[in-house]
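Asker: One structure coming up, written as structure tokens, with questions to follow.
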Amino acid sequence: MADIVLDKVTKSYPDGTTAVHGIDLEIADGEFVILVGPSGCGKSTTLNMIAGLEDITSGELRIDGERVNDKAPKDRDIAMVFQSYALYPNMTVGENMAFPLKLAKLPKAEIDKKVNDAAKVLDLTDYLDRRPANLSGGQRQRVAMGRAIVRSPKVFLMDEPLSNLDAKLRVQMRTQVSRLQKQLNTTTVYVTHDQTEAMTLGDRVVVMRGGRIQQVGDPQTLYDHPNNLFVAGFIGSPSMNFLPATVAEGKLRTALGDLPLGERMQRVLAAGDAPRELVLGIRPEHFEDAALVEDRQRSHGYEFTAPVDLVESMGSDKYVYFNVEGGAATSADLADLAADAGGADLPSSDQASLVTRLSAESRVRDGASTKVWMNLDKIHLFDPKDGRNVTLHEGRAAGVAAS
Amino acid sequence: MNTKLRWGLLDAVVVVFALVPVLWVMSLSFKTAATLTDGNFIPRDWTLDNYKLIFQTDQFVRALINSIGIALISTVIAVVLGTMAAYAISRLDFPGKSLLVGVSLLIAMFPQVSLVSPLFNIERQTGLFDTWPGLILPYITFALPLAIYTLSAFFKQIPWDLEKAAKMDGATQGEAFRKVIAPLAAPGVFTTAILVFIFCWNDFLFAISLTSTEQSRTVPVALSFFTGASQFEDPTGAISAAAVVITIPIILFVLFFQKRIVAGLTSGAVKG
């Protein structure tokens, strides 16, 4: 049990590349913190620095108030679960879990007791004499967890522990990890590239990109009030829609039509340094089939008509895709996001695609023109140059129509 | 069924092709001097005289001791050095790494014959000629590249995460190597040991050029010095018997280590 403080922690390599740029982060005792970001964002490097597997170039790392920069991993009292599990194949499950205790030179009786307790928690009692080669993926994963929890360390580090499991098992293990962490109440740092895992598991989520922290916050805050274009696009599935927009005559001109601007937004956008070109962002669930919107709500939104490109019925909702004239929004942040999503592998088109999540009762059909309502309170505007969210007011996004 | 039969036939051909000369030598070693050239595969007159003869001569026993001693010492040194070098090559990025790998490949490919005369002169000057170290040193030189290549291939198969995991579990660098990496590398080490031992055991070129007396002559060389009881007697029987005898340590060595060569020992360590 301990708190972790990263104070301007930097990692650079002899060849001149810098993987992590002066990260500041405070992790409270017992907290479950997720580091999330696309590959190459420095999240694993950060984790390895906390573990002591990689040297810290500059800055300070404190665990439990004590500077540990120069301590060997074994002296930090940290346990780690690896993406590959890294089980010792020459040892049985029981020996694998007993290994850290044996190194700590605990008496045999105590080792047996601790291993049995951990095995019970993880439902591994029947497998203690098996070798890792004779276990399924999920069982191996649990052994890796068992080896970490068995010696009750100060801190758990987990490096994408679930990414090698198949989709169904991953969801089950996710809840198990979450339950285990609550039960043990041990400070945990968890690295993943999967934003769903990040949203569902963590007390707080740290979004990273290019070795820098983009935003730190609880999952709902990140979702509702993203600091910038990158966080907005990275968190949420399907991801936020982005369209180019310009300000003209007190209105917001977009491919969907001219949206009204509230007084406050007009003031913000009238300022001298305000960007003329903007990126409008809106999540799929903030659209609705106009026929199903109640009158009371209708006034908060804007309605437009567009031809339906494709309907995907999920049962609980319908994902409806529209093609929007006028091209897609462009920005460095969006290019990064597209690269991470494998956008380079998809056929490119100059038409922007709009994803909406409509109610299952909607009667939209492929090809038919449909009237769609969008919630103006949930619209974000971003500066394409630096990705900043200009709709944020005192850390909260209140849409474009707010006065 | 048909393919099975064809494969079986092919296997049989290979086995026969490989074993006939060995069996022929064995058959010769059990023949009496009179029936040596009768051309029968199975001896008509069985005798153990040839075996008795070679163990009576001090020459052969002494050579056997030399061979075992020199081959074992060379193997141990080459494998220990090779293990350390291979571990460094597969795990670390150090300056001159590709040079080291390149030079060891160069040595492995170097024609040994061209080194015999210089080595002869050097060893004569330094007093190493006709001594155990005089053979052990060149053996290590040529066995090391073999050891380094085989072992680094084995080390590369061991996931690096295991070492990191051991460190996180509280092991020092040394403990991580001893308790986690070394047991996993054991099959590779034993395989390499067998290869190096056979290389040293079989060598004739250096052994005949760098020795002159029984003091350090190894078995392959001693065999070539065998003569019959008289100048006109054919030593074929004795040579065959000696050839059979020197095959035995190799077979024992392989059988002994075979148990430890369990393929796929690393499976299950990481997701596979």
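Asker: For the stretch A:63-106, which trypsin sites (Lys or Arg not before Pro) are in a loop by DSSP, counting at most 15 other Cβ atoms within 10 Å? Don't jump to the answer; show the numbers that get you there.
Answerer: Values: sites: A:67, A:71, A:74, A:76, A:102, A:105; in loops: A:71, A:76, A:105.
Here the sparse-neighbourhood loop sites are A:71, A:105.
Asker: Okay, moving on. Evaluate E = 1/(1 + (r/R0)^6) for residue A:321 and residue B:108, where r is the Cβ-Cβ distance and R0 equals 51 Å; express this FRET efficiency to the nearest 0.05. Walk me through the numbers before you get to the answer.
Answerer: Numbers: r = 62 Å, r/R0 = 1.21.
Efficiency for this residue pair is about 0.25.
Asker: Once both labels are modelled 7 Å past Cα along the beta-carbon direction, what's the residue A:276-residue B:250 spacing in nm?
Answerer: Using points 7 Å along Cα→Cβ, the separation is 8.6 nm.
Asker: Kindly sort A:152, A:136 by accessible area of their heavy atoms, largest first, with the probe set to 1.4 Å.
Answerer: Result of the area sort, largest leading: A:152, A:136.
Asker: Taking the solvent-accessible surface of protein heavy atoms with a 1.4 Å probe, what is the per residue accessible area of the protein assembly as shown in Å²?
Answerer: I get 48 Å² per residue for this part.
Asker: Keeping all protein chains in position, work out how much accessible area residue A:240 exposes to a 1.4 Å probe, and write it in Å² to the nearest 10.
Answerer: Per-residue accessible area (residue A:240): approximately 10 Å².
Asker: Something else now. Mind pulling the angle between the C-alpha long axis of helix B:97-109 and the longest principal axis of chain B? Nearest 10 degrees, somewhere in 0 to 90.
Answerer: Value to nearest ten degrees: 10.
Asker: How high is the relative contact order of chain B, in percent, with contacts defined as C-alpha pairs under 8 Å that are six or more residues apart? Don't jump to the answer; show the numbers that get you there.
Answerer: Working: 274 pairs, mean separation 82.1, N = 272.
Relative CO of chain B lands at 30 percent.
Asker: Given the stretch B:57-271, what whole percent of its Cα pairs are spread farther than 32 Å? Please report the intermediate quantities before stating the final value.
Answerer: Numbers: 6951 of 23005 pairs.
Counting pairs separated by more than 32 Å, the tail of P(r) holds 30 percent.
Asker: Which parts of the stretch A:84-110, residue by residue, lose 30 Å² or more of accessible area when the rest of the protein chains are there, as against the chain isolated (1.4 Å probe)?
Answerer: A:84, A:86, A:88, A:89, A:90, A:99, A:103
Asker: In addition: Which one of B:60, A:328, A:161 has its Cα pushed farthest toward the positive end of the charge dipole of the protein assembly as shown, where Lys and Arg give +1 and Asp and Glu give -1 at the Cβ?
Answerer: B:60
Asker: Continuing with the same structure: For helix B:182-202, what angle does its Cα long axis make with the longest principal axis of chain B, in degrees from 0 to 90 and rounded to 10?
Answerer: 30 degrees
Asker: Now for a different question. Could you check the spin-label model distance between residue A:117 and residue A:212? Points 7 Å from the Cα along Cα→Cβ, value in nm.
Answerer: 4.6 nm
Asker: What's the FRET efficiency of residue B:122 with residue B:204 using the Cβ-Cβ distance as r and R₀ = 25 Å, to the nearest 0.05?
Answerer: Numbers: r = 20 Å, r/R0 = 0.80.
It comes to 0.80.
Asker: Sticking with this one: Mind grabbing the interface size between A and B? I mean buried accessible area, both sides, 1.4 Å probe, in Å² to the nearest hundred.
Answerer: Values: alone 18920 and 15890 Å², together 32660 Å².
Between A and B, the summed buried area is about 2200 Å².
Asker: While we're looking at this one, here's another question. Residue A:200 versus residue B:258, label points 7 Å from Cα toward the beta carbon: distance in nm?
Answerer: Simple spin-label model gives 5.2 nm for this pair.
Asker: Let me ask something else. Which of A:286, A:41, A:4 sits closest to the plus end of the dipole of chain A, meaning its Cα is farthest towards the positive end, when Lys and Arg get +1 and Asp and Glu get -1 on the C-beta?
Answerer: After comparing all options, I get A:4.
Asker: Let me check something: with ligands and nucleic acids excluded, how do A:319, A:85 order by accessible area (1.4 Å probe), largest to smallest? Walk me through the numbers before you get to the answer.
Answerer: Working: A:319 35, A:85 5 Å².
Final ranking, largest accessible area leading: A:319, A:85.
Asker: Using a 10 Å Cβ count of at most 11 others and DSSP loop calls, identify the longest part of chain B lacking such trypsin sites (Lys or Arg not before Pro). Working shown, then result.
Answerer: On the way: sites that count: B:44, B:259.
Longest site-free region, per DSSP loop and neighbour criteria: B:45-258.
Asker: Using 30 Å as the Cα-Cα cut-off, could you pick out the over-long pairs in A:120/A:154; A:11/B:167; A:113/B:179; A:43/A:385; A:8/B:97; A:182/B:179?
Answerer: Details: A:120/A:154 21 Å; A:11/B:167 21 Å; A:113/B:179 23 Å; A:43/A:385 25 Å; A:8/B:97 34 Å; A:182/B:179 33 Å.
Among A:120/A:154; A:11/B:167; A:113/B:179; A:43/A:385; A:8/B:97; A:182/B:179, the Cα-Cα distance tops 30 Å for A:8/B:97; A:182/B:179.
Asker: How large is Rg/Rh for the protein assembly as shown, to two decimals, with Cα atoms and a Kirkwood Rh? Provide the component values of the computation, followed by the final result.
Answerer: On the way: Rg = 36.8 Å, Rh = 31.4 Å.
Rg/Rh: 1.17.
Asker: Just read off the accessible area of residue B:83 with the full protein assembly in place, 1.4 Å probe, to the nearest 10 Å².
Answerer: Roll a 1.4 Å probe over it and residue B:83 shows about 20 Å².
Asker: Same structure, new question: First select every other residue whose beta carbon is under 14 angstrom from the beta carbon of residue A:384; then total the charges, Lys and Arg +1, Asp and Glu -1. Don't skip to the end; give the middle numbers.
Answerer: Values: positive: A:276, A:385, A:388; negative: A:277, A:333, A:336, A:383, A:386.
That works out to -2.
Asker: For the stretch B:1-47, with equal point scatterers placed on the C-alpha atoms only and solvent neglected, what are the log10 I(q)/I(0) values from the Debye formula at q = 0.13 1/Å, to two decimals?
Answerer: For the stretch B:1-47, the Cα-only Debye profile gives -0.43.
Asker: Right, next: Give the carbon-plus-sulfur fraction of the accessible surface of the stretch B:1-47 in %, rounded to a whole number; probe 1.4 Å, heavy atoms of protein chains only. Each step should come with its number before you reach the end.
Answerer: Numbers: 2800 of 3730 Å².
Within the stretch B:1-47, the accessible surface is 75 percent carbon and sulfur.
The values are calculated or read from the model by the stated rules, or taken from the named source; none is laboratory data. In this text the structure is predicted, and so the values were computed from the model without any measurement. All Cβ positions, glycine included, derive from the backbone under ideal geometry; neighbour counts span all protein chains shown. Note: areas computed on protein heavy atoms with side chains; ligands, DNA, RNA excluded. Shrake-Rupley method; radii C 1.70, N 1.55, O 1.52, S 1.80 Å.
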